[in-house]
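Asks: Shown below is the structure under consideration.
What follows draws every value from the coordinates through simple rules; no lab data is involved. All values derive from a computational prediction rather than experimental measurement. Here Cβ is always computed from backbone atoms with ideal geometry, including for glycine, and neighbour counts include all displayed protein chains.
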Amino acid sequence: MSIIEKLRQFSPCIRIAHHVPGRIRLRLLVDQLPPLDPQTECLVARARTLKDALDATPGIRSIRVNALARSCTIEYDHRAIPFQAWPDFLGSVQSEAAAVLQRIISDKYMEVACA
């Protein structure tokens, strides 16, 4: 299973709380989370690795996690990542915008996984 498929498993658990070009805040819907089994824990560990990698990814300026509010704010270059990429990617919509974000995530994850 690819990193994109694994991240999309959590799509029903994420809601866009606020989105303007260059900044998106995602909210985690705790009651929608799958139970923490070994596979889920492994995915969480990989997500942390991906978050660290995305901090240094072209197009992603910063990622701030607020555990108390169960939210994540991502500041990004809206010229590199289209505005519609986020809702399309999270909603599993096959679009050109989502493909841009998917490529960035896949490329960076492969770079980190191979390092």
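Asks: Along the stretch 8-16, what does the Karplus equation 6.51 cos²θ - 1.76 cosθ + 1.60 (θ = phi - 60°) give for ³J(HN,Hα), rounded to whole Hz, x for Gly and Pro?
Replies: 5, 4, 8, 3, x, 8, 10, 10, 7
Asks: Let me ask you something else. What's the local net charge at residue 90, with K and R +1, D and E -1, over the other residues with C-beta under 13 Å away?
Replies: Once positives and negatives cancel, what remains is +3.
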